[in-house]
Amino acid sequence: MDAIDRARRDLVVANRILAHQRVLDAYGHVSIRHPHDPTRHFLARSLSPGIIATDDIVEFTHDGVPVGREARPLYLERFIHGAVYEARPDINAVLHAHAEDVLPFTISSVPFRPVIQNAGDMGASIPVWDIADNFGTDTDLLVRTVAQGRDLARTLSQNRLALMRSHGFISTGRTLNDLVRLSVFVPRNARVLMAAMRLGGEIKGLHPGEIAARLAIDPESPAMRRGWEFWATEAGCGDLLGG
């Protein structure tokens, strides 16, 4: 199987895993950078993640334009993905999700931070992007233009995550597996942090050195790929892992 076919199949697996893990709802989406052309990426057509197949994967340039003729509806917020790839050549996978556990931290002054080991590589800084800051208070909060996508990418900066006020979050990965594994643990981290806040008292997050140690782990090591294989089997798409 060549690299392009493998990328398309892996993107189907990622969609199925993230839907099964309830990270993506009917409206979230995940993408992967083209393995041969860094100025392009793959993203599904407008379809719920849990039912995406390889024929639903579309190739895009980073301005959100499909390569070749494409008559099927496309995600309105596809501009998120291209803007991040354009700004971050080190990133090879991007996710946009609306996980409810994360949403309180998009509208609160309480910072979202890593408090569990498996989410340590989300990084110490998780900025919050507010579309109203540069695009006014009359938008529908969707990232509908290249300009809005680029503004979000500037807020993301060199971080792995950015929250979107009253909307959701974006996360990034050095590889698709890296993105999927982290994105599964982001809502879990939010649930643990919220539970600790309800308990009251001091909350101990991860230390900077602990975060750095997690970020230094090879995302494609056998230990870090274990979740990819297990979650794909749980999601009923383990047959797409081979080849």
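In whole Å, what are the extents of the range 135-243 along the principal axes defined by its C-alpha atoms, from largest to smallest?
Cα spread of the range 135-243 along its principal axes, largest to smallest: 47, 43, 27 Å.
Quick check: net charge around A195, other residues with Cβ under 14 Å of its Cβ, Lys/Arg +1 and Asp/Glu -1? Working shown, then result.
On the way: positive: R188, R191, R198, K204; negative: D101.
Neighbourhood net charge equals +3.
May I ask for the Rg/Rh ratio of the range 3-233, computed from Cα atoms with Rh as the Kirkwood radius, given to two decimals?
On the way: Rg = 16.8 Å, Rh = 17.7 Å.
Answer for the range 3-233: 0.95.
Pick from L43, L179, L206: which is most flexible by mean-square fluctuation in a GNM of the chain where alpha carbon atoms under 10 Å apart are linked?
In this elastic network of the chain, the residue with the biggest mean-square fluctuation among L43, L179, L206 is L206.
Normalising by the residue count of the chain, find the relative contact order in percent from Cα pairs under 8 Å and 6+ residues apart.
23
Okay, helix-only estimate at 222 nm for the chain: each DSSP H run of n ≥ 4 adds -39500 (n - 2.57), divide by all residues, round to 500 deg cm²/dmol; what do you get?
Numbers: 8 runs with 91 residues, N = 243.
Mean residue ellipticity, 222 nm, calculated: -11500 deg cm²/dmol.
Using DSSP H assignments, which helices in the chain have an axial alpha-carbon span of 27 Å or above and a mean Kyte-Doolittle hydropathy of 0.0 or higher?
176-199
Sorted from fewest to most neighbouring beta carbons within 10 Å, what does the list T233, T172 look like? Mind dumping the intermediate values first?
On the way: T233 13, T172 24.
Result, fewest neighbours first: T233, T172.
What full-extension length gain, to one decimal in nm, is calculated for E70 and V146 as 0.36 nm per residue of separation minus the Cα-Cα distance? Each step should come with its number before you reach the end.
Working: separation 76, 0.36 × 76 = 27.36 nm, distance 1.90 nm.
Going from the current span to full extension adds 25.5 nm.
Here, each number is a calculation from the coordinates, and none is a lab measurement. Model, not experiment: these values are computed from the prediction. Note that we place each Cβ from the backbone using ideal geometry, even for glycine, and neighbour counts take in every protein chain shown.
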